[in-house]
Amino acid sequence: MSKRKGSILILSMFLLTVVTLLGGIFLTMTVGNIKLLQKDSERQKAFWIAKAGIAELIYNLRQYYNLYEQYSGEKEFGGGKYRVGSATLIGRGYHNTLAVSVGQYPLESTDVTNISKYALIAEVSMNTSTDYLHFSDIGVTRPYYRTPFAGPVHVNGDCIIGRSWGNEFFVKSKDEYGPALEVSGKLYNAADWTPGHSEPDSIDNFLMVGEGTIPVPFLFDISNYTAKYYVTPVGPQSGGWPGWISTHGAIWPYNANQFGDDLVVKKERADGSKYEYNLIDDKDTGGREIKLPKVNEITYDSYRSVIDPDWNITWDNPKGTVANITNEMMYTIDPYGAGGVVGGGYGIGTAEDAPHREKIADSVNFGLNGADIPVPAERDMNYIKLLFLKLKATRSVFLGPVGPVQGTYNSFTIDRSGKKIKLNFPTFIDTFEFKSPPGYWGTASPNDWRGRKQRGIPGHSVGATVLSGATVLSVQNKVISPLALMGYPIGKGIVNEPSQHPVLVYDVGGASEFLWTQAPDNDLSATGSTLVTHPVDHYYEVDYAAGTIKLGSSSIPGGKCLDADKDHIIEIVYSHDFDVSQGVEAWISDKQKVVKLDLNTITEANCPRDPKYKSSIIPIDRQKYGVIFSEVPLVVWGTPKVPVTIVCTKDLYVGPINAAQLDPNDISKWWIPKDPNLVEDSKDANPVGIITSGILFYDFSLGVSGTTPSSMFFPGIGASVTLNKVAIYHSLREPPPVSTSDSDRLGMLGMASGFRPEFNTNNYNTGLYATAPTIVGSLYHCIDSNVVADALTKKLSDEVLNSSSARVIYANSFRRTPPQHMPMNIYLTNYRILSKYDNAEKFLDNLSVYLATDPGSSYTQAFSKMITDLVAEMEGVVVEE
């Protein structure tokens, strides 16, 4: 019994030992599993922390790309922290950025082996209009010619270049990546004349693309650009497309396989790795369509998060000055019909109540020296340019504005401080000269106002009759009614005072011009018998009462009177007494209510801020500016003290920015402009973004007197407006295809003194017209049907600024510091977990040193090699140690 009890005790002890050992093993395994699970959890936390870091970095890049394109920082998050950094990738796009994030968990530990880390890497691509001097998003863009583009150009769709009488140049800085011309569709050459155009083909015209040094200020010089490509074989360098096309209207496609090798630019990074790009890209060589929002997609909701509530401009919260300006580009009336463009469409019409015109005087009180005509007190006098007069007795007289054809005279001046228009003598209306008030200059009655018809200015022969060579074959004793040609009633006909008011008949045929002779005794029937030997064979007689002129021949009475081998423009100078018995009304164009915003007043203290960071004291957050959002028509000009971006849902008028301007309180002193003395693309100038879903007008009311210095084809003297470091985003006013006229290729619609007829009324002594603007920055165009319809409703004038004389220069600073919140497209092109987080940490360490010493400079060889290796690993390429 005792032996059995001993055995049971031994067995029990053995079993207890086994159980104890198994329990220990199980406990050890459980503790180990717990530790493994904890470590895995920490690694997972480190991964998600790293992911949070890269997500925040990408979010920041979307919001403020320029602030985070090269950035280093760290942040505690989820019980751990992440370090993030970004650096520009050289040679992989305009704005491709390497984003790196290292997540760590826990935040701290005495044992470094207890810290888990994960590294993520991504490549972020950003596309925006501010990467280009000109971004055309209208489908088919045509034509590019006569404008030297000093910066890269992008076209969504097909692009047609050239006309026989206009070279084209696309040049860019050699220090910037990428093509000078990128087209998402096909590129075509059309270096021939437009069908029906009078100018012949020329084989001397060419397209050139290249990169080199962009001088400041920009003056175009072919020698600055080493990489060149010419369309025609007879240009300064042989090779390229055929440039002489015998079939008018034909176009030739660009063939990169045949001509593209000369356009490849090969470069090296600091570490010796190589990259290359084409100076011309179309869809066959990698040309991309870059999708950006059209202007009709830009709404309050799309900008809600960055609109500073204090800068949401309405009539109740104008922030600037509410004013009534005069925009004479709107509601235009062609006063003389097709072909008669004196006044450029700025007529008043014949209606009793002229549409979109305001009567400011029911009866002008004339004096010997003219008349003072008061302007309504609410009108902004800086925008008063044109004056119209109407005769109460004859509503069809007058049709056009006062003074566009006035030679060296001033038909009227504007007393801005006195709020009145001073009509002077002589004055000109519809090409009639009025030397004195009614009742003078030989008139028989104070109810008559005598005017003398002048010849039209070149190209504007209003009141003339045009006869083609084919027509005159059948012309016999041609009778012309010059008053009827003007659309005037005959009234009192032509003044019969040959000594003081002779009738003169001018004949312009081809390159020659001569003056006809009035028949003896004003009788054409006598010329055949009495003046057969007279050396002149062109005579006329006048029916003064009927207001007609009869043309005849000295040799064959009643026979042909014009040479049939050439065209004829017959201009007749005569005098006419206008009926002013019921008085003369004075009119101006309708008022347009706007808010005038002087950017000079925007400072660091009062500027719009991103509402999310408005109260933040973190340095980088203080650089996050908000948007000025206007729900009313806006006029902007000036030199802001901080970066500014303006979004306007109505019409927007843009004047000089970061450049010389007239004093808005006294624009009559044009010789004393306010000048911030900022060079083109100056580092001291703050970038300005202009986005409008309305109609964009270039406002010359504060334009300074000067010459467009580098206008390659048409240098001009007149009012000059410069937009320095300005990005413009708007719709053209015409649907595609854009007119082949060289006037409006860049959407340059001028107003105030920005068009020819009314420039002289500014009292400038600098010419009759304004030059096209100088734009240093970027231009984006699309076609919005709403803008097109609005332009038609508002009957915008077709007297546009000439793009051929515009200076368009890319602001290279936009690659690093563009205006904030411009429309863009950002996406990930690569995303990967790094196998070794220490490589990422070395990159972040070196990035911090780079940003702390000389950010924006070239990378060192070692830092460039780190980036190259990280990119290789991101793309799955094995990098040898």
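Only one residue in Leu847, Leu796, Leu779, Leu801 is at pLDDT 90 or above, of a type in the set (A, V, I, L, M, F, W, C), outside any helix (DSSP H, G or I) and out of contact with any Pro (no Cβ under 6 Å at 6 or more places or on another chain). Which one?
Leu779
Which of the residues spanning region 94-105 are closer than 15 Å to Ala122 by Cα and in a loop (DSSP other than H, G, I, E, B)?
His95
Restricting attention to region 652-684, and to residues there that are touching a residue at least 60 places away in the same chain (Cβ under 8 Å) and of a type in the set (A, V, I, L, M, F, W, C), which single residue is nearest to Gly777 (Cα to Cα)?
Ile657
Which of (1) open to solvent by 60 Å² or more (accessible area, probe 1.4 Å); (2) modelled with pLDDT of 90 or more; (3) of a type in the set (Asp, Glu) does Asp262 not meet, given it meets every other one?
So the condition that Asp262 fails would be (2).
Can you name the residue in region 583-603 that is part of a loop (DSSP other than H, G, I, E, B) and either open to solvent by less than 40 Å² (accessible area, probe 1.4 Å) or modelled with pLDDT under 95 (or both) and, of all such residues, is nearest to Arg450 (Cα to Cα)?
The residue in question is Gly583.
Can you tell me how many residues in region 269-283 are in a loop (DSSP other than H, G, I, E, B) and either among the small types (Gly, Ala, Ser) or at pLDDT 90 or above (or both)?
Total satisfying the criteria: 7.
Give all pairs with beta carbons closer than 8 Å in which a residue from region 288-300 that is assigned to a helix (DSSP H, G or I) meets a residue that is open to solvent by 60 Å² or more (accessible area, probe 1.4 Å); count only pairs at least 6 apart in sequence or on separate chains.
Partner pairs satisfying both residue conditions: Asn296/Ser785; Asn296/Asn786; Tyr300/Glu631.
So in region 50-77, with the set limited to residues that are hydroxyl-bearing (Ser, Thr, Tyr) and in a helix (DSSP H, G or I), which one is most open to solvent (accessible area, probe 1.4 Å)?
The residue in question is Tyr59.
Please pick out the residue among Asn324, Asn296, Asn317, Asn312 that is modelled with pLDDT of 95 or more, within 17 Å of Glu631 (Cβ to Cβ), touching a helix residue (DSSP H, G or I) at 6+ places or on another chain (Cβ under 9 Å) and open to solvent by 10 Å² or more (accessible area, probe 1.4 Å). Before the answer, list the steps.
Values: Asn324 fails: within 17 Å of Glu631 (Cβ to Cβ); Asn296 fails: modelled with pLDDT of 95 or more; Asn317 fails: touching a helix residue (DSSP H, G or I) at 6+ places or on another chain (Cβ under 9 Å).
Result of the check over Asn324, Asn296, Asn317, Asn312: Asn312.
Restricting to region 591-641, what's the tally of residues that are of a type in the set (Asp, Glu) and farther than 19 Å from Pro823 by Cα?
Qualifying residue count, region 591-641: 3.
Return the residues of region 631-658 that are more than 17 Å from the chain's Cα centre (by Cα) and open to solvent by less than 10 Å² (accessible area, probe 1.4 Å); say none if nothing qualifies.
Selection gives Val632, Gly638, Pro640, Val642, Val644.
The values are calculated or read from the model by the stated rules, or taken from the named source; none is laboratory data. The structure displayed is predicted, hence computed values, not measured ones. Glycine gets a Cβ as well: all are built from the backbone with ideal geometry, and neighbour counts include every protein chain shown. The accessibility values were calculated without ligands, DNA or RNA, using every heavy atom of the protein model including side chains. Shrake-Rupley method; radii C 1.70, N 1.55, O 1.52, S 1.80 Å.
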